[in-house]
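What follows is a single structure, written as structure tokens, with notes after it.
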Amino acid sequence: MRLARVALIWAALAAAICVPIAAAATSPLLEWRGPVYILAGFAGIVGLGLLFVQPLLAGGYLPGLSAYRGRLAHHWIGGALVAAVVVHVGGLWITSPPDMIDALLFASPTPFSPFGVIAMWAIFAVALLAALRRRLGLRPQTWRIAHMLLAVVIVVGSVVHGMLIEGAMETVSKAALCALVLAATMKVMADLRVWRKRATSRGEGPARQ
């Protein structure tokens, strides 16, 4: 029974990520797009899927992973998320530099652009803080607060950015994935907040990183 439950959880996770990708791959809008633009678009979809995995790893909700392996996977997927954003932005820059310049300068007429740019800079900020955390001498509590605040910006910005775009992603699967990203983020934030309160009431220092 336990193995069946574990397999079901991992299958549901794979479906939540792969179904929107597969649906986007069948979009007729791709017929008029070049390979670089398509690659950039799918990098954005993959990045949204990775955003769903990150809070699940941070909260320890995925079965079969020890705390150490969960943290390690969280770090590696964070790096993959940065790479996905670079490919997404870089591909769009190659296909249309003026549009990307307008987006980065918050001068784009498209309503989804500023949300994506803000989320992008927040992702880069988290990656930079993670890389320089020890060199900067950040205390665990300071790091957790900064990480959580930036994570909220990343999730909200990415979800709004994705929902406002009328592109290759199929509407229902996109909305479902965005809802899952928001739900997973709110769940882990609530659980970690409760955990910290309990640890503080017992006089214990926080152990999760």
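The values are calculated or read from the model by the stated rules, or taken from the named source; none is laboratory data. Everything quoted here is computed from the prediction, not taken from an experiment. All Cβ positions, glycine included, derive from the backbone under ideal geometry; neighbour counts span all protein chains shown. Ligands, DNA and RNA are excluded from the accessible area calculation, which covers all protein heavy atoms including side chains. Shrake-Rupley method; radii C 1.70, N 1.55, O 1.52, S 1.80 Å.
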Ignoring ligands, DNA and RNA, what percent of the accessible area of the range 14-155 is carbon or sulfur (1.4 Å)? 73
Give or take rounding to whole Å, what are the principal axis extents of the alpha carbon atoms in the range 89-193, in descending order? 41, 32, 19
Between Trp76, Trp143, Trp32, where does the largest GNM mean-square fluctuation fall for the chain, given springs only between Cα atoms within less than 10 Å? Trp32
Per-pair calculated FRET efficiency, R0 = 41 Å: Thr171 and Ser66 via Cβ, rounded to 0.05: 0.60
With every protein chain kept in the model, how would you rank Arg144, Arg135, Arg69, Arg33 by accessible area, 1.4 Å probe, largest at the top? Arg135, Arg69, Arg33, Arg144
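First measure r as the distance between the Cβ atoms of Ala11 and Met148, then evaluate 1/(1 + (r/R0)^6) with R0 = 30 Å and state the FRET efficiency to the nearest 0.05.
Efficiency for this residue pair is about 0.55.
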Multiply the residue gap between Asp191 and Arg134 by 0.36 nm, knock off their C-alpha separation, and tell me the result in nm, one decimal place. 17.9 nm
Once fully extended, how much extra length lies between Ala127 and Ile77, figured as 0.36 nm per residue of separation less the alpha-carbon to alpha-carbon distance? 16.9 nm
In vacuum, with every alpha carbon of the range 50-148 counted as one equal point scatterer, what does the Debye formula give for log10 I(q)/I(0) at q = 0.10, 0.13, 0.16, 0.22 Å⁻¹? Two decimals, please. -0.36, -0.58, -0.81, -1.15
Förster radius 25 Å - calculated FRET efficiency between Ile101 and Ser27 (Cβ-Cβ, nearest 0.05): 0.40
Reported label for calculated log10 I(q)/I(0) by the Debye sum over Cα atoms at q = 0.07, 0.08, 0.16, 0.19 Å⁻¹ given (i) -0.23, -0.31, -1.12, -1.46; (ii) -0.32, -0.41, -1.28, -1.38; (iii) -0.18, -0.24, -1.04, -1.53: (i)
